[in-house]
Amino acid sequence: MKHIGLKIIACIFGIALWFYVVSARVTEIDIQVPLVFTRLPETLAIASRPAQKITITVKGTAIDLIRLKRSSESAAKILVDLHDAELGLERIILSEDNFIAPDFPNIHYQSANQIAALEVEIDTRISRTIPVHLKGAFDAKDGYTIIGVPTPDPDTISISGAREALTRIFEIQTEEIKKQNLEADETFNVPLDFSKLPPYVFPSDSFAKVPVSVQPLVRKSFTGVPVQLIGLYDRSQYLLEPSIATVEVSGGQGVLSDIKKKDILLFIEFNRFAIEDADSLDPTVRISSDVKSFQVRPEKFYLKKKVPVVPEADPANDSTKASPSAPADSQKTVLTENAK
């Protein structure tokens with residue numbers, strides 16, 4: 001136990017010396033860095049799918065490499081300048097000039113693993129407007145109803161990118177959204193789903209607003225609504241029985257308060273009776289406003305043929321009729337006198 005303090009100090013100095021020698025030693029390691037393209041002309045776009053990250057070998061002191069590994073992802077990157085790119089396939093040989101690590105000047109690029117050269121397909125840049133499709137479901141609380149169909153706003157977005165890539169894109173979906181038990185108007189911000197977009201395609205929006213209108217569910221009856229017989233037919237020969245109906249409508253309170261009897265159209269096409277071989281049919285219903293459901297009473301309407309009205313003979317005028325034996329001139333005289 002003699003001179004134990006000196007032994008401990010010597011051990012500490014030995015470890016420190018070893019760490020200094022090791023950390024100062026120049027070595028190589030493999031790291032993964034992002035691949036960044038810059039200065040591409042506005043009229044051109046990347047049409048291929050190059051890797052977002054690549055593995056490269058770098059060289060430096062051990063202490064610098066340790067610091068680099070512990071730094072953020074953007075501490076080092078491979079930068080590819082495309083300012084002089086042309087249409088077609090660009091083949092790029094990576095070098096020390098492409099390696100960027102501003103906080104680590106003593107770390108140097110050695111080589112790129114996995115690829116001998118970087119290949120990038122360049123195409124003409126175009127812009128397109130495509131529809132936004134809502135992927136979601138909205139349900140109202142019992143006693144309430146959703147008015148209309150919720151639609152995203154905006155319902156279209158503009159995208160730009162390589163011509164070949166954009167011709168295969170027909171719509172953008174929102175991320176899935178489900179809302180239940182709604183009892184008041186609400187607006188939801190829904191992210192757009194870009195997971196299926198090709199790389200280097202840039203949309204004009206990343207979110208869509210979805211307004212949902214909710215109203216209390218009520219019922220309202222309309223009596224004396226006329227039922228029309230439409231189509232090509234002899235209107236002096238046919239009619240519907242009955243000719244009016246009662247329509248009970250259910251829907252949003254605000255919507256039903258604006259509906260009038262004239263906004264409800266009931267009709268039956270004349271040809272349906274022959275096509276369906278029936279003497280009674282249910283009418284087609286058209287309501288100008290958005291309602292949840294409706295019911296027509298009665299449910300069936302009959303096609304009837306009108307009975308011609310034969311005028312009854314007037315006994316008082318029997319004396320004016322010409323006898324069969326009367327000459328034609330005398331008959332004309334009697335008819336003329338009656339006309340007078």
Q: Working carefully through the options 213, 250, 221, 289, find the one that is outside any helix (DSSP H, G or I), touching a strand residue (DSSP E or B) at 6+ places or on another chain (Cβ under 6 Å), under 30 Å from residue 154 (Cβ atoms) and hydroxyl-bearing (Ser, Thr, Tyr).
A: 213
Q. Among the residues of the stretch 157-175, is any of a type in the set (Gly, Ala, Ser) and under 15 Å from residue 210 (Cβ atoms)?
A. no
**Q.** Top-ranked residue of the stretch 130-139 - restricted to ones that are of a type in the set (A, V, I, L, M) and either outside any loop (DSSP other than H, G, I, E, B) or open to solvent by 60 Å² or more (accessible area, probe 1.4 Å) (or both), ranked as farthest from residue 292 (Cα to Cα)
**A.** 130
Q.
Of all residues being in a strand (DSSP E or B) and open to solvent by less than 60 Å² (accessible area, probe 1.4 Å) in the stretch 72-94, which is nearest to residue 55 (Cα to Cα)? Just the residue, please.
A. 78
Q.
Being more than 18 Å from residue 185 (Cα to Cα) and not in a strand (DSSP E or B) is true for just one of 142, 123, 97. Which residue is that?
A. 97
Q: Give 247, 227, 210 a once-over and let me know the one that is without any contact (Cβ under 8 Å) to a residue 60 or more places away in the chain and either hydrophobic (A, V, I, L, M, F, W, C) or open to solvent by 30 Å² or more (accessible area, probe 1.4 Å) (or both).
A: 247
Q. Any residue in the stretch 58-65 that is buried (at least 17 other Cβ atoms within 10 Å of the Cβ) and in a loop (DSSP other than H, G, I, E, B)?
A. no
Q. Taking the stretch 27-50 only, how many residues are open to solvent by 50 Å² or more (accessible area, probe 1.4 Å) and either part of a loop (DSSP other than H, G, I, E, B) or touching a Phe, Trp or Tyr at 6+ places or on another chain (Cβ under 8 Å) (or both)?
A. 4
Q: Specify the residue that is nearest to residue 139 (Cα to Cα); the eligible residues are those in the stretch 154-211 that are among the aliphatic types (A, V, I, L, M) and touching a helix residue (DSSP H, G or I) at 6+ places or on another chain (Cβ under 7 Å).
A: 159
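The values are calculated or read from the model by the stated rules, or taken from the named source; none is laboratory data. If you're wondering where the values come from, they're calculated on a predicted model, not measured in any experiment. Every residue, glycine among them, receives a Cβ derived from its backbone with ideal geometry; neighbour counts consider all protein chains shown. For accessibility, only protein heavy atoms count, side chains too; no ligands or nucleic acids. Shrake-Rupley method; radii C 1.70, N 1.55, O 1.52, S 1.80 Å.
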